[in-house]
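K.L.:
I'd like to ask you about the structure that follows.
No value in this document is a laboratory result; all are computed from the given coordinates. If you're wondering where the values come from, they're calculated on a predicted model, not measured in any experiment. As a convention, Cβ positions derive from the backbone with ideal geometry for all residues, glycine included, and neighbour counts pool all protein chains shown.
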Amino acid sequence: MKKILFNKAGFYSLVLGAIVFASSCKKQLPDPTVDSTPEAFVAVHNFTLLAGTSSSVFVNGSQLSLIGAPVALAVGGTTAGPYIGVDPTSAATIGLRTSTGSANYASRTVTLANKSNTSFFGFDTLTAAGSARMLVLNNNMTAPALGTTNFRFLHFSPNAGPVNVTLVRTADQFGVAASGTITLTNVPYIGASANPDETTLSNFTNIPAGTYTLTVLSGTTALVGPTSVTLREFKNYSIVARGFTSARASIPAGQTLGATLLLHNP
């Protein structure tokens with residue numbers, strides 16, 4: 001078998017050449033962790049009542065489409081992804097329209113910071129004049145500590161009045177039986193205020209991760225639940241009460257009072 005031999009000078013020349021080659025390649029390749037393109041991320045959630053079976057999403061006056069099809073959000077629906085990217089260098093207008101509408105029934109114009117994550121919530125009851133409301137909340141994407149989860153509760157039911165909320169822990173993040181109760185008292189309907197405090201509403205509460213039994217009550221009468229929800233460790237959630245209570249005489253299909261669990265950092 002033929003052997004290839006290098007003398008000492010040839011060996012060091014080869015090593016030096018390899019180092020120079022590797023260095024030149026390194027200079028030419030971009031750092032894969034650096035993204036220089038400015039972009040902000042938004043999610044749109046539709047909890048508007050009496051606005052029809054679905055709503056269209058408009059971003060800066062253009063209808064949002066995914067894979068060539070216009071986005072249509074049912075009541076309780078959310079944009080897929082869950083985020084869409086928009087240009088953060090100028091104010092972005094996010095709007096909702098009925099399936100046959102030519103104007104936004106709810107919209108907000110917000111200047112979004114680069115790499116921010118923001119949720120736009122259509123809510124309230126569509127008025128005879130064809131208007132509703134929109135809430136804008138910041139989503140802190142920082143993962144909570146090991147063994148814990150973050151949640152916030154959003155009350156979007158317009159005829160429920162203030163509610164009490166209990167979360168009773170039945171298992172930890174591994175499915176092992178666990179205990180503990182989180183209680184929120186006298187939580188008002190967000191629309192009861194002309195100017196909801198969006199900074200406060202954006203805040204998450206840190207709790208142990210696991211499976212909980214959720215109940216939403218008017219006084220001591222259960223309006224929602226008891227129902228099981230699983231809040232995984234390292235995740236940030238919104239628990240949303242939406243729809244009409246049975247006190248309303250006529251309730252469209254799919255708009256009775258219930259709860260929706262939204263995950264903000266998949």
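K.L.:
Using the alpha-carbon centroid of each, what span in Å lies between segment 195-266 and segment 93-140?
P.N.:
About 20 Å separates the Cα centre of segment 195-266 from the one of segment 93-140.
K.L.:
Taking the alpha-carbon centroid of each part, what is the distance from segment 49-69 to segment 142-189 in angstrom?
P.N.:
Each part reduced to its Cα centre gives a spacing of 31 Å.
K.L.:
Still on this model: Apply the Karplus curve 6.51 cos²θ - 1.76 cosθ + 1.60, θ = phi - 60°, to the phi angles in segment 163-175 and return the couplings in whole Hz, x for Gly and Pro.
P.N.:
Per residue, the Karplus-derived 3J(HN,Hα) values read 10, 10, 10, 10, 10, 9, 6, 10, 8, 8, 5, 9, x Hz.
K.L.:
Then there's this: Please build a GNM for the chain, connecting alpha carbons under 10 Å apart, and tell me which residue among Ala194, Ala160, Ala222 fluctuates the most.
P.N.:
Ala194
K.L.:
Only Cα pairs under 8 Å and at least 6 apart count here; give the relative contact order of segment 197-266 as a rounded whole percent. Present the calculation step by step, with values, prior to reporting the outcome.
P.N.:
Details: 95 pairs, mean separation 18.3, N = 70.
In percent, rounded to a whole number, it is 26.
K.L.:
Please identify which residues in segment 149-185 have an amide N closer than 20 Å to a label point set 7 Å out from the Cα of Thr213, following the Cα→Cβ vector.
P.N.:
Residues 164-185 fall inside that zone.
K.L.:
What order do you get for Leu137, Leu126 when you list them from fewest to most C-beta neighbours inside 10 Å? Can you show the working numbers first?
P.N.:
Numbers: Leu137 23, Leu126 20.
Exposure proxy ranking, most exposed first: Leu126, Leu137.
K.L.:
How large are Rg and Dmax for segment 61-207 when calculated on the C-alpha trace, in angstrom?
P.N.:
17.9, 53
K.L.:
For Arg133, what residues show an amide H to amide H distance below 5 Å, using hydrogens built from the backbone and excluding near sequence neighbours?
P.N.:
Phe123
K.L.:
Sorted from fewest to most neighbouring beta carbons within 10 Å, what does the list His45, His155 look like? Don't skip to the end; give the middle numbers.
P.N.:
Working: His45 27, His155 24.
Listed from fewest to most nearby Cβ atoms, that is His155, His45.
K.L.:
Work out, step by step, the length gained on full extension between Phe174 and Thr199: first 0.36 nm times the residue separation, then minus their alpha carbon distance; give nm to one decimal.
P.N.:
On the way: separation 25, 0.36 × 25 = 9.00 nm, distance 3.31 nm.
Length difference between fully extended and current span is 5.7 nm.
K.L.:
Stretch Val187-Ser131 to full length: gain in nm at 0.36 nm per residue minus the Cα-Cα span? Walk me through the numbers on the way to the answer.
P.N.:
Values: separation 56, 0.36 × 56 = 20.16 nm, distance 2.47 nm.
17.7 nm is the gain from fully extending Val187 to Ser131.
K.L.:
What is the Cα convex hull volume of segment 125-200 when expressed per residue in Å³?
P.N.:
Working: hull volume 10.3 nm³, N = 76.
Taking only Cα atoms, segment 125-200 has a hull volume of 135 Å³ per residue.
K.L.:
For helix 8-28, report the angle its Cα long axis makes with the longest principal axis of the Cα atoms of the chain; keep it between 0 and 90° and round to the nearest 10°.
P.N.:
30
K.L.:
Follow-up. Name the most mobile residue of Gly225, Gly68, Gly254, meaning the one with the largest mean-square fluctuation, in a Gaussian network model of the chain with Cα contacts below 10 Å.
P.N.:
Among Gly225, Gly68, Gly254, the largest mean-square fluctuation in the Gaussian network model of the chain belongs to Gly68.
K.L.:
Still on this structure: Counting every Cα pair in segment 134-265, what percent are over 24 Å apart? Spell out each step's value before the answer.
P.N.:
Details: 2569 of 8646 pairs.
When every Cα pair of segment 134-265 is considered, 30 percent fall beyond 24 Å.
K.L.:
Rounded to the nearest 5, what % of DSSP beta bridges with both residues in the chain are antiparallel? Don't jump to the answer; show the numbers that get you there.
P.N.:
Details: 59 of 74 bridges.
Given both bridge residues lie in the chain, the antiparallel proportion sits at roughly 80 percent.
K.L.:
Using a Gaussian network model on the chain with a 10 Å cutoff between Cα atoms, which of Pro188, Pro70, Pro208 fluctuates the most?
P.N.:
Pro70
K.L.:
Starting at the first residue of segment 193-204, write each ³J(HN,Hα) from the Karplus equation 6.51 cos²θ - 1.76 cosθ + 1.60 with θ = phi - 60°, in whole Hz, x for Gly and Pro.
P.N.:
So the Karplus estimates, Gly and Pro as x, are 9, 5, 9, x, 7, 5, 5, 5, 5, 6, 5, 9 Hz.
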